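The values are calculated or read from the model by the stated rules, or taken from the named source; none is laboratory data. These numbers come from a predicted model, not from an experiment. As a convention, Cβ positions derive from the backbone with ideal geometry for all residues, glycine included, and neighbour counts pool all protein chains shown.
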(Lines give C-alpha, C1' and ligand atoms only; values in the text may rest on other atoms or scores of the structure.)
Protein backbone atom coordinates (compact mmCIF):
# COMPACT_ATOMS: atom_id res chain seq x y z
CA UNK A 1 0.00 0.00 0.00
CA UNK A 2 1.32 3.44 -0.87
CA UNK A 3 0.60 6.68 0.93
CA UNK A 4 1.43 10.30 0.22
CA UNK A 5 3.05 11.95 3.26
CA UNK A 6 4.66 15.25 4.14
CA UNK A 7 8.09 15.63 5.70
CA UNK A 8 7.47 17.40 9.03
CA UNK A 9 11.04 17.65 10.26
CA UNK A 10 14.48 16.19 9.76
CA UNK A 11 17.24 15.75 12.32
CA UNK A 12 20.66 14.07 12.21
CA UNK A 13 19.32 10.52 12.37
CA UNK A 14 15.60 10.51 11.52
CA UNK A 15 13.02 11.83 9.08
CA UNK A 16 9.58 12.55 10.58
CA UNK A 17 6.62 12.14 8.23
CA UNK A 18 2.95 12.92 8.72
CA UNK A 19 -0.07 11.71 6.82
CA UNK A 20 -1.72 14.08 4.39
CA UNK A 21 -5.27 14.59 5.58
CA UNK A 22 -8.00 15.60 3.15
CA UNK A 23 -10.14 18.08 5.10
CA UNK A 24 -13.16 17.57 2.82
CA UNK A 25 -13.07 13.80 3.29
CA UNK A 26 -12.65 14.25 7.05
CA UNK A 27 -15.66 16.57 7.22
CA UNK A 28 -17.92 13.92 5.71
CA UNK A 29 -16.59 11.12 7.93
CA UNK A 30 -18.67 9.81 10.84
CA UNK A 31 -15.63 9.99 13.16
CA UNK A 32 -14.96 13.65 12.36
CA UNK A 33 -13.77 15.48 15.46
CA UNK A 34 -12.75 12.36 17.36
CA UNK A 35 -10.09 11.05 14.97
CA UNK A 36 -6.46 11.40 16.03
CA UNK A 37 -5.16 11.72 12.46
CA UNK A 38 -7.11 14.93 11.83
CA UNK A 39 -5.77 16.59 14.98
CA UNK A 40 -2.51 18.33 14.05
CA UNK A 41 -1.33 18.64 17.66
CA UNK A 42 -1.41 14.87 18.07
CA UNK A 43 1.80 12.90 17.57
CA UNK A 44 -0.20 9.91 16.35
CA UNK A 45 0.10 9.59 12.61
CA UNK A 46 3.73 10.78 12.67
CA UNK A 47 6.15 8.19 11.35
CA UNK A 48 9.86 8.15 12.18
CA UNK A 49 12.20 6.75 9.52
CA UNK A 50 15.91 6.18 9.98
CA UNK A 51 17.86 8.30 7.48
CA UNK A 52 20.28 5.42 6.82
CA UNK A 53 17.42 3.40 5.30
CA UNK A 54 16.51 6.12 2.78
CA UNK A 55 18.01 5.76 -0.69
CA UNK A 56 20.85 8.25 -1.25
CA UNK A 57 19.36 9.60 -4.49
CA UNK A 58 16.31 10.82 -2.52
CA UNK A 59 18.34 12.82 0.01
CA UNK A 60 18.40 15.56 1.22
CA UNK A 61 14.84 15.75 2.48
CA UNK A 62 13.57 19.06 3.82
CA UNK A 63 10.38 19.91 5.71
CA UNK A 64 7.49 20.39 3.31
CA UNK A 65 8.61 17.78 0.77
CA UNK A 66 5.93 15.33 -0.33
CA UNK A 67 7.06 11.71 -0.28
CA UNK A 68 5.47 8.50 -1.49
CA UNK A 69 5.82 5.84 1.18
CA UNK A 70 5.41 2.13 0.53
CA UNK A 71 3.90 0.11 3.37
CA UNK A 72 4.87 -3.43 2.51
CA UNK A 73 1.83 -4.97 4.19
CA UNK A 74 -1.88 -4.30 4.24
CA UNK A 75 -3.02 -2.37 7.37
CA UNK A 76 -5.58 -5.08 8.11
CA UNK A 77 -2.82 -7.71 8.24
CA UNK A 78 -0.71 -5.49 10.50
CA UNK A 79 -3.67 -4.94 12.83
CA UNK A 80 -4.23 -8.68 12.96
CA UNK A 81 -0.59 -9.19 13.92
CA UNK A 82 -0.46 -6.41 16.50
CA UNK A 83 -3.72 -7.30 18.23
CA UNK A 84 -4.21 -10.94 17.27
CA UNK A 85 -0.95 -12.42 18.57
CA UNK A 86 -1.33 -11.09 22.16
CA UNK A 87 -5.04 -12.00 22.14
CA UNK A 88 -4.21 -15.51 20.97
CA UNK A 89 -1.66 -15.74 23.79
CA UNK A 90 -4.30 -14.73 26.33
CA UNK A 91 -6.82 -17.27 25.04
CA UNK A 92 -4.18 -20.01 24.86
CA UNK A 93 -3.04 -19.28 28.44
CA UNK A 94 -6.61 -19.41 29.69
CA UNK A 95 -7.28 -22.70 27.90
CA UNK A 96 -4.08 -24.30 29.19
CA UNK A 97 -4.96 -23.24 32.74
CA UNK A 98 -8.47 -24.64 32.36
CA UNK A 99 -7.38 -27.95 30.82
CA UNK A 100 -4.67 -28.50 33.45
CA UNK A 101 -7.23 -27.60 36.14
CA UNK A 102 -5.23 -24.74 37.64
CA UNK A 103 -6.98 -22.30 39.93
CA UNK A 104 -8.54 -19.23 38.32
CA UNK A 105 -5.79 -16.92 39.55
CA UNK A 106 -3.01 -19.16 38.22
CA UNK A 107 -4.84 -19.49 34.88
CA UNK A 108 -5.18 -15.71 34.70
CA UNK A 109 -1.49 -15.19 35.49
CA UNK A 110 -0.54 -17.77 32.84
CA UNK A 111 -2.81 -16.00 30.34
CA UNK A 112 -1.18 -12.64 31.16
CA UNK A 113 2.28 -14.19 30.78
CA UNK A 114 1.43 -15.55 27.34
CA UNK A 115 -0.12 -12.19 26.42
CA UNK A 116 3.16 -10.53 27.36
CA UNK A 117 5.04 -13.10 25.27
CA UNK A 118 2.77 -12.33 22.32
CA UNK A 119 3.36 -8.60 22.80
CA UNK A 120 7.11 -9.28 22.87
CA UNK A 121 6.87 -11.23 19.59
CA UNK A 122 4.91 -8.36 18.09
CA UNK A 123 7.60 -5.93 19.23
CA UNK A 124 10.31 -8.04 17.57
CA UNK A 125 8.27 -8.14 14.35
CA UNK A 126 7.76 -4.37 14.54
CA UNK A 127 11.53 -3.80 14.55
CA UNK A 128 11.91 -5.83 11.35
CA UNK A 129 9.02 -4.03 9.62
CA UNK A 130 10.29 -1.00 7.74
CA UNK A 131 8.41 1.48 5.64
CA UNK A 132 10.23 2.71 2.58
CA UNK A 133 10.30 6.09 0.85
CA UNK A 134 10.11 5.37 -2.87
CA UNK A 135 9.67 8.84 -4.41
CA UNK A 136 10.03 12.49 -3.44
CA UNK A 137 8.29 15.56 -4.79
CA UNK A 138 10.48 18.45 -3.76
CA UNK A 139 9.00 21.53 -2.15
CA UNK A 140 10.30 24.18 -4.53
CA UNK A 141 10.07 27.64 -3.07
CA UNK A 142 11.81 30.42 -4.94
CA UNK A 143 12.81 33.54 -3.10
CA UNK A 144 12.96 36.77 -5.05
CA UNK A 145 15.86 38.83 -3.76
CA UNK A 146 14.81 41.88 -5.71
CA UNK A 147 18.10 42.15 -7.61
CA UNK A 148 18.07 42.59 -11.34
CA UNK A 149 20.81 41.17 -13.54
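Of the conditions (1) at pLDDT 95 or above; (2) loosely packed, with under 13 Cβ neighbours inside 10 Å, residue 126 satisfies every one except a single condition; which number is it?
(1)
Are there strands (runs of 3 or more DSSP E) fully within segment 1-118 with at least 2 residues that are more than 14 Å from the chain's Cα centre (by Cα), at pLDDT 75 or above and under 25 Å from residue 130 (Cβ atoms)? List them.
2-10, 66-70
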